[in-house]
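The values are calculated or read from the model by the stated rules, or taken from the named source; none is laboratory data. In this text, all values refer to a predicted model and were calculated from it rather than measured experimentally. Note: ideal-geometry Cβ built from the backbone for every residue, glycine included; neighbour counts use all protein chains shown. The protein model used for the area step is the full one, side chains on, heavy atoms only, and it has no ligands, DNA or RNA in it. Shrake-Rupley method; radii C 1.70, N 1.55, O 1.52, S 1.80 Å.
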Amino acid sequence: KAGVTQTPRYLIKTRGQQVTLSCSPISGHRSVSWYQQTPGQGLQFLFEYFSETQRNKGNFPGRFSGRQFSNSRSEMNVSTLELGDSALYLCASSSAETQYFGPGTRLLVL
Amino acid sequence: GEDVEQSLFLSVREGDSSVINCTYTDSSSTYLYWYKQEPGAGLQLLTYIFSNMDMKQDQRLTVLLNKKDKHLSLRIADTQTGDSAIYFCAETPAPYGGSQGILIFGKGTKLSVKP
């Protein structure tokens, strides 16, 4: 089976812009989770989608949003970008008790 | 609240065993995980243990779980230079209903293996 894929891999934006990141889970996995990784805060849970519904949400402002499509692919959107949003954004798909991660999208906000 | 603690650095010689330790606070966690991250890469699932087990072995990896002390360790036998990476401990927190779609991570332990 193909692994979790994320696009794009790298992105440069400026403050105030918005960005959309995409994640394709492993075939057959219905749960997709998103995490933000920064040197200061480490890995933090953003949200989880299951069967097109947001099932859980972490402690992030409303500028961070996401959705899941009927084929389980997921997108996350960050509006009004701030410098502090620069991070590696990781997507994971779940099957039963395990989460498998994609390579991440590295976002740099200038 | 949930919290996972790890020491930040570990340095070993090639061929030695490495032991990476982790403490967690949520005694209701159902599963505990170890992930590996190499520079510029995502997270690779190494192994995981169900909370009703106390040990799991998988080739060079041994996971020990002490539920009473909320302590988890990962032992890597015969450590190689290719094992140099950051190792993350993670738990599934009960406040979220034990959903496996959520992981709470430690800050990671950077393992350096000297030839």
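For chain A, the extents of the C-alpha atoms along the principal axes are 37, 24, 24 Å, listed from largest to smallest.
Per-residue accessible area (protein heavy atoms, 1.4 Å probe) orders A:Ile12, B:Ile86, B:Ile104 as A:Ile12, B:Ile86, B:Ile104, starting from the largest.
Please give the length that would be gained between B:Leu8 and B:Glu38 if that part of the chain were fully extended, namely 0.36 nm times their separation in residues minus their C-alpha to C-alpha distance (nm, one decimal). Display every interim value, and only then the final one.
Numbers: separation 30, 0.36 × 30 = 10.80 nm, distance 1.51 nm.
Between B:Leu8 and B:Glu38, full extension yields an extra 9.3 nm.
Pairwise Cα distances in chain B exceed 25 Å for 17 percent of all pairs.
Over chain B, what is the mean sequence separation of C-alpha contacts under 8 Å (at least six apart), divided by residue count, expressed as relative contact order in percent? Let's see the in-between values first.
Details: 290 pairs, mean separation 42.9, N = 115.
It rounds to 37 percent for chain B.
The listed residues B:Val19, B:Val4, once ranked by accessible area (1.4 Å probe) with the largest placed first, stand as B:Val19, B:Val4.
Using the C-alpha gyration tensor of the protein assembly as shown, what are the square roots of 5 times its eigenvalues, in whole angstrom, with the largest one first?
Numbers: eigenvalues 172, 82, 51 Å².
Taking √(5λ) for each Cα gyration eigenvalue gives 29, 20, 16 Å.
Charges on Cβ only, +1 for Lys and Arg, -1 for Asp and Glu, centred on the Cα centroid of the protein assembly as shown; of B:Gly40, B:Leu103, B:Met53, which one is farthest towards the dipole's positive end? Of B:Gly40, B:Leu103, B:Met53, it is B:Gly40. For a modelled paramagnetic label at B:Met55, 7 Å from Cα along Cα-to-Cβ, the residues of region B:69-86 in reach, with backbone nitrogen under 20 Å, are B:69-79.
Measuring r between the beta carbons of B:Ser27 and A:Arg67 and using R0 = 45 Å, the FRET efficiency lands at 0.85. Charge dipole (Cα centre; +1 on Lys/Arg Cβ, -1 on Asp/Glu Cβ; no other charges) of the protein assembly as shown amounts to roughly 440 debye. Looking at region B:5-68, the pairs of alpha carbons with a distance over 18 Å make up 45% of the total. With respect to the cross-link table entries A:Lys13/B:Lys36; B:Lys70/B:Lys107; B:Lys67/B:Lys114; A:Lys57/B:Lys68; B:Lys56/B:Lys107, which display a Cα-Cα separation exceeding 26 Å? Correct reply: A:Lys13/B:Lys36; B:Lys67/B:Lys114; A:Lys57/B:Lys68. Which translational diffusion coefficient, to the nearest whole µm²/s, is obtained for region A:17-77 from the Stokes-Einstein equation, given a Kirkwood hydrodynamic radius over C-alpha pairs, 20 °C and 1.002 mPa s? Diffusion coefficient, whole number: 178 µm²/s. Annotation for A:Ala2 and A:Leu110: the two label points, set 7 Å from Cα along the Cα-Cβ direction, are 3.1 nm apart. Net charge dipole, chain A: roughly 160 debye, given to the nearest 20, about the Cα centre with Cβ charges of +1 for Lys and Arg and -1 for Asp and Glu.
Here's the picture: charge each Lys and Arg Cβ at +1 and each Asp and Glu Cβ at -1 in the protein assembly as shown, and of A:Leu88, A:Ile12, A:Thr105 the one pushed furthest to the positive end of that dipole is A:Ile12.
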